[in-house]
Amino acid sequence: MEELNQEVKLKNQLKEEKIQLWNPPYTVDDNQPGTQHMQELAERYAPLLCLPLAEVGGALEAIRLQAVRRGRGNKTFRETKVATLELLLPRDSKKDPKNKKHLETRLDVLVQEVVDRVTEEYGLKSIKLILNGKTLSVDQRLDQQGVKNHSKMMVLKVSDNELKQQLSEEEERTKNQNESVKRTQKGFQILSERDGSEDPDTTPFLEIADQKGNPLNIPHKEKKALILAMGFHEKGRSLMKKKQFDNALCHLLQADQQFSKCGSALLSSVDNFAVLQLDIVWCYRALEALSCLDDGKSRLQRAEDCFLQCYGEQQQRLRMIKGNTGREEVLFLRLYLLQSLLSYIEGNDAQARHQLSKVESLYSRLSLDSEKMTQLMTLGFTEREARLGLRACQGDLQEAAIHISNQRQEREELKQRERRKRSRRMEVISTLTELGFSRTDAARALHHADGDVDKAYEILLDSSQAALATNNNTEGVGEQKVEQLLYLGFDRGVSEAALRLTGGDVQSATQLLLDNQGVLSPELLSASPPSTSSSSSPSSEEPSTSSSSTGRTHEPDRSNSRNSVLLLSADVELVNEVLEDISRHEEDYLDLTLEEESELIATMKTYLSRGHTV
């Protein structure tokens with residue numbers, strides 16, 4: 001890290017003075033250094049950068065050689081398509097690993113050919129090549145895996161068995177990551193499609209609400225993307241807590257993709273997007289992914305801009321909503337700390353020190369008295385409540401206890417209000433279904449009517465009359481409803497038939513197909529669909545024993561039927577799995593112990609201590 005900092009500083013100084021080390025008088029005949037001029041340059045830069053003369057001289061020569069070699073390599077690549085690759089050899093290789101080694105090769109060759117050359121030239125037995133943290137596949141070409149002219153590749157020495165094992169583990173890890181991402185996406189897709197027509201006591205249902213628990217009126221497409229984004233984010237945060245940063249990063253980047261589908265107005269009104277940017281860069285730091293420096297810098301800027309829009313210039317909007325800003329200050333601590341780190345890596349020590357001073361000021365305010373924490377926990381509060389409460393009240397013990405008690409009461413009142421609201425909603429939906437409408441249509445109409453049962457009834461009546469006028473034979477069979485059943489694994493033909501039989505009620509059609517294991521008998525197919533004046537199919541409430549046994553009698557071995565039942569069971573398991581990663585506390589993202597931050601602060605102080613007397 002320090003060598004990189006020194007190199008960047010020197011390069012910036014050279015750029016500022018428009019000095020080209022690869023040209024005379026710094027490089028002379030046969031690419032040799034102009035000793036006198038290089039020495040004078042080192043003597044001038046050493047006091048400026050507050051570094052030893054020998055270190056500056058060595059770093060300048062390394063930069064000169066790098067520039068000369070790059071220029072020669074660019075010319076060779078243009079003329080012959082032969083690229084120059086930089087190899088980072090193992091520590092115990094026969095040749096000095098401190099001296100960077102270079103290999104010339106075409107990029108349209110298999111990686112195996114390069115592996116063979118490296119093992120022969122450097123006396124290594126079994127190796128694997130790493131580019132940007134990924135193992136190169138030996139049976140693919142270099143250019144197919146992102147290798148370019150001047151790419152840096154790490155050479156890792158392994159035994160034959162170890163190589164096979166590590167490659168197998170890498171494949172397994174990649175497979176597990178991909179599987180985890182797919183399961184997370186599918187689970188939250190299921191949740192995002194639910195509209196609240198089910199019983200909330202038995203069926204999980206997600207709703208987007210503001211800080212006061214009031215539902216936000218968001219277009220369906222945007223709401224679906226937001227739920228997926230927040231779901232991926234929660235999964236990523238769960239993995240971060242387990243220190244599984246590589247897997248966490250996969251999920252966080254998926255969350256970022258989903259957030260990009262949401263409108264800018266929505267993203268500027270909530271802090272979720274800003275927190276996600278911080279978490280992504282925190283993973284970069286944990287993985288030491290210096291190649292992501294530019295991306296990290298832009299993400300931190302987006303986070304800062306978003307915090308400014310959400311919280312206000314002096315956090316006045318946040319103070320108006322929550323009454324204080326103490327808990328959110330941990331986010332700014334992490335933001336400034338990461339900005340300090342990136343500034344240091346870029347060679348801007350002054351900016352790094354400025355940001356670090358803000359970090360230390362925040363850290364001193366946010367570090368908590370262990371005795372006060374113990375006293376609050378003795379009163380029956382959780383560790384999280386104690387930590388958040390003390391930060392909200394600037395460390396005042398009595399105010400924190402009152403604050404936590406008030407929050408508990410507010411949270412319980414919100415739950416009761418939400419429970420009553422959902423109960424009333426379920427009663428209205430039941431009333432509408434008794435009039436012959438499906439629960440899904442009733443829930444949708446109630447939503448469009450803003451909870452007004454009379455308006456909802458009018459909407460449903462108008463919709464039913466329009467459907468009858470269009471095509472009485474295909475009543476209730478919409479492509480969207482059919483797709484929902486296809487998603488569960490049922491065939492299109494039986495899905496359309498089940499929807500006709502249940503008047504377009506997806507939930508009733510699903511239950512009908514499950515009861516009959518995905519196969520509808522001729523007796524059922526010949527039955528008349530329910531009229532708009534009759535009540536909904538009894539299978540949605542109380543599945544009949546006769547219909548269930550009929551289905552099993554006809555085709556018990558039909559594989560698609562078994563798959564349909566298993567798939568729905570798997571979906572329930574999947575939903576429960578992703579819900580486990582959602583924190584039950586709305587301020588979990590603010591509950592940082594600051595242990596990792598403390599370690600990074602100490603590291604940054606060590607890095608910046610050199611030259612501090614300038």
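The values are calculated or read from the model by the stated rules, or taken from the named source; none is laboratory data. Keep in mind that this is a model prediction, so the values were computed, not measured. All Cβ positions, glycine included, derive from the backbone under ideal geometry; neighbour counts span all protein chains shown.
Scanning the stretch 102-133 for residues that are hydroxyl-bearing (Ser, Thr, Tyr) and surrounded by fewer than 18 Cβ atoms within 10 Å (Cβ to Cβ) yields Thr105, Thr119, Ser126.
Of the residues making up the stretch 435-455, those that are in a helix (DSSP H, G or I) and either touching a residue at least 24 places away in the same chain (Cβ under 8 Å) or hydroxyl-bearing (Ser, Thr, Tyr) (or both) are Arg439, Thr440, Asp441, Ala442, Ala443, Arg444, His447, Val453. Identification of helices (runs of 4 or more DSSP H) wholly contained in the stretch 237-318 with 2 or more residues that are more than 18 Å from the chain's Cα centre (by Cα) and modelled with pLDDT of 85 or more yields 293-311.
Only a single item in (1) at pLDDT 85 or above; (2) under 14 Å from Lys152 (Cβ atoms); (3) basic (Lys, Arg) is not met by Arg70, and it is number (1). Can you find a residue that is surrounded by 18 or more Cβ atoms within 10 Å (Cβ to Cβ), more than 31 Å from the chain's Cα centre (by Cα) and β-branched (Val, Ile, Thr) anywhere in the stretch 406-429? Yes, some residue in the stretch 406-429 is surrounded by 18 or more Cβ atoms within 10 Å (Cβ to Cβ), more than 31 Å from the chain's Cα centre (by Cα) and β-branched (Val, Ile, Thr). Under 25 Å from Lys152 (Cα atoms) and of a type outside the set (Asp, Glu): which single residue out of Gln20, Gln36 fits that description? After ruling out the rest, the residue left standing is Gln20. Filtered by the rule that a residue be among the aromatic types (Phe, Trp, Tyr) and either over 19 Å from Gly71 (Cβ atoms) or loosely packed, with under 15 Cβ neighbours inside 10 Å (or both), the stretch 1-56 gives a lone residue, Tyr45. Condition test on Leu362, is it closer than 22 Å to Leu276 by Cα and within 26 Å of the chain's Cα centre (by Cα)? No.
Within the stretch 57-83, the set of residues being surrounded by fewer than 18 Cβ atoms within 10 Å (Cβ to Cβ) and basic (Lys, Arg) comprises Arg69, Arg70, Arg72, Lys75, Arg78, Lys81. Pairing each residue of the stretch 114-132 that is within 13 Å of Lys101 (Cβ to Cβ) and not assigned by TED's automatic domain parsing to the domain that holds Lys148 with any residue that is among the β-branched types (Val, Ile, Thr) and not in a helix (DSSP H, G or I), provided the two are 6+ apart or on different chains, yields no C-beta distance under 9 Å. Take Leu414 and tell me if it is aliphatic (A, V, I, L, M) and either within 23 Å of Leu276 (Cβ to Cβ) or touching a Lys or Arg at 6+ places or on another chain (Cβ under 6 Å) (or both). The answer is no for Leu414. Checking every residue in the stretch 309-327 against the condition of being among the polar types (S, T, N, Q), surrounded by fewer than 19 Cβ atoms within 10 Å (Cβ to Cβ) and closer than 30 Å to Met153 by Cα gives zero matches.
Residues of the stretch 11-60 that are in contact (Cβ under 8 Å) with a residue 60 or more places away in the chain and not in a loop (DSSP other than H, G, I, E, B): Lys11, Asn12, Leu49.
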